[in-house]
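As structure tokens, the structure follows; a few thoughts come after it.
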Amino acid sequence: MTDLRRPRVLGQSPRRVDGPAKVTGTARYAGDQRVVDPAYVHLVQAAVARGVLTGVDVSAARLVDGVLAVLTPDNAPRLASTEDAELAAFQSHDIAFRGQVVAAVVARTREIARQAAALVHVEIDHESHDVHLSADRDDLYAPEQVNTGAATDTERGDVATGLAHSPFTLDQTYTTAWYNNNPMEPHTTTALWLDGDLALFDSTQGVHTTREATAKVLGLEPRHVHVIAPHVGGGFGSKGTAHVHVVIAAMAAQAVPGTPVKLALTRQQMFALVGYRTPTVQRVRLGCDADGRLAAIAVDAVGQTSRIKEFAEQTAVPSRMMYAAPNRRTTHRLAALDVPVPAWMRAPGECPGMFGPEVAVDELASACGVDPVEFRVRNEPAVEPESGKPFSSRNLVACLREGARRFGWEHRDPAPRAREEDGWLVGTGVAASTYPVTRTPGSSATIRCTGPGRYRVRIGAADLGTGTWTSLAQVAADALGVDFGDVELLIGDTSLPRASVAGGSSGITSWGSTVVAAAEAFREEFGADPAEGDEAGAEMPEGSDEYAMHAFGAQFAEVRVRVDTGEVRVSRLLGVFAVGRVVNPRLARSQLVGGMTMGLSMALHEHSVVDERFGHVVNHDFAEYHIATNSDVPRVEAHWVEEHDPHTNPMGTKGIGEIGIVGTAAAIVNAAHHATGVRVRDLPLTLDHFL
Ligand code: MOS
């Protein structure tokens, strides 16, 4: 076996194996798959947020030449399971949110389907709806648990006493906005039935999890559903769970026997149908002594969920492990509203949940006159504060110190509004990042010798644009002790061994551990000189839960605010991360810079604006939902410290897909305060805050 302490392929930067196909336009995404004579599906959505569907008149739509079928709750087949109400297409006449699908037109062309969909006449008895999120609502409730299975509330010591004995205290409320996932490739499914088996070319972060969800709803054995996703144009979590359009594509293909169908959501439809990040209200209370040592940390988080399906963002979870304090408490409360179903968006929990606390730390550090880098260093816990577990490795301090050095923090005048250049107030800020190391059960892999020194590795993993085609092949080559070019990796297909979903930055930990176990099994059985056709496989080995395992980072921002107009510009972002071993520096940098850029976008622009009178996101396209463009994005530097963690997995990695977005918005808000003296606690950081 290869000595993993002396890696060869891990740490190199081979170019993306999928790169040439993508840049030459030959990579086939879910909508590009060649099927014979496909039909196209266009969805019709409810235009009210709550009510009862009393009639769907499809007569005009049916008369359009080229229309093959129109599905509605009146004619659609009954589904085998409606347990997941989000996926229960056409099973009820109740309208639970504006944008809910009420009909689907299947037609010869995309254009005909869309034209006919506009002719479907929908009647709804409108009931009064409620989409107003507020921490003052008297119907907030405590979910049984929050996303990732974490406890809803935690308490250690006594926060009230801790605060009462603290010379410096803070009690502030911070809010993050409603954000919609906007991967470049809209959610698309090509569906076809053959002899009772269903094939789905789907833009998904997990072929097996999509198969299992779809099979359950349709009442099929999973082996009768074949899901294929070689290339995915981004997901950010919104392709991590199956959404209703996947079920509708399957139903539509059933309605036109022998005809494959293609269903691509429009950008506007995505704003109601593929999940989004809940807005949050975070009350943060902190108390510290004159040296900045925290005695109490309390975070009470409020978010929203839909009336038909619960999703509880784990907003307060990162506060359970970031800083030491004897007295601590976290809570999560939800409002169930007449809104679309929220779901995962890049770093659910950590991303919104590190906003309030990391701004609060900046406020408290400034109140007690301690530098905000130093304040964080002083509150380093020796063990994970609430679990008492040792950290497998924790290098937040190294990130803060290295970031401060690279950024030039030592020259900073801590006084706000001290620097003005050509009509711009300039300031700098810092915030910490964190993300857990997650090992998701349920993966297996096989390795086969396909010729002298050649190996084929099979696992149904996903590449949603993150680089799995390349990085997982590196893990395999390293484990087999061969060159990168000697490994052929196959992923993205349910005909391959089952793999867990690409979510929670768990991909390389879960699939990589599995591939390493398969390589060990292969070498054990066949030695270093196998014959063609030799094959071995393994399931993912269990990991240890002895240690608290988290990645960390420190983000530094420079912000300019125009004195006369309040215009906000981020002129520099620098992040230093401790993410274990880096498999492929080129791809890692791209993930971290991408995350930081998305954090900048969240800080300055992104905001799904809800019109409470109608219950929908009004800025539901790229014309009005502003995402940072090239000219918004300054020099973004992502660095990492050397970190050798023997506990996370055999590769020593920690997961890098999500940590880059965590903490960015807080660093930018803290820099804006340093620039202007104005403390913004509500995102986004628009110019009106400074006027
Ligand atoms: Mo990530 S939001 O868990 O795909």
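The values are calculated or read from the model by the stated rules, or taken from the named source; none is laboratory data. Note that this is a predicted model, so its numbers are computed, not measured. Ideal geometry is used to build each Cβ from the backbone, glycine not excepted, and the neighbour counts take in all protein chains shown.
Numbers at a glance
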quantity	calculated
Considering residues of the range 433-442 that are part of a loop (DSSP other than H, G, I, E, B) and touching a His at 6+ places or on another chain (Cβ under 9 Å) only, the residue farthest from VAL225 (Cα to Cα)	VAL437
ALA551 being assigned to a strand (DSSP E or B), buried (at least 20 other Cβ atoms within 10 Å of the Cβ) and within 16 Å of the ligand (Cβ to nearest atom)	yes
Strands (runs of 3 or more DSSP E) contained entirely in the range 56-153, each with at least 3 residues that are under 30 Å from ARG320 (Cβ atoms) and hydroxyl-bearing (Ser, Thr, Tyr)	none
Which listed residue is more than 27 Å from the chain's Cα centre (by Cα), in contact (Cβ under 8 Å) with a residue 40 or more places away in the chain, surrounded by 20 or more Cβ atoms within 10 Å (Cβ to Cβ) and farther than 27 Å from ASP202 by Cβ, from LEU53, LEU68	LEU53
LEU334 assigned to a strand (DSSP E or B), aliphatic (A, V, I, L, M) and in the same structural domain as ILE112 (by TED's automatic domain parsing)	no
Among (1) more than 16 Å from the ligand (Cβ to nearest atom); (2) within 28 Å of THR176 (Cα to Cα); (3) polar (S, T, N, Q) - the single one THR434 does not satisfy	(1)
Scope the range 382-414; condition surrounded by fewer than 17 Cβ atoms within 10 Å (Cβ to Cβ) and not hydrophobic (A, V, I, L, M, F, W, C); matching residues	SER387, GLY388, LYS389, PRO390, ARG405, ARG406, GLY408, GLU410, HIS411, ASP413, PRO414
Meets criteria (among the small types (Gly, Ala, Ser) and away from the ligand (no atom under 16 Å from the Cβ)) for ALA255	yes
Among the residues listed as ASP486, ASP478, the single one being more than 16 Å from the ligand (Cβ to nearest atom), outside the structural domain of THR565 (by TED's automatic domain parsing) and in contact (Cβ under 8 Å) with a residue 40 or more places away in the chain	ASP478
Qualifying residue in the range 105-127 (condition: at pLDDT 95 or above, closer than 30 Å to THR175 by Cα and crowded, with 17+ Cβ neighbours inside 10 Å)	no
Residue check for SER608: in a loop (DSSP other than H, G, I, E, B), among the polar types (S, T, N, Q) and at pLDDT 95 or above	yes
Enumeration of residues in the range 562-573 that are surrounded by fewer than 24 Cβ atoms within 10 Å (Cβ to Cβ) and of a type outside the set (S, T, N, Q)	ARG562, VAL563, ASP564, GLY566, GLU567, ARG569, ARG572
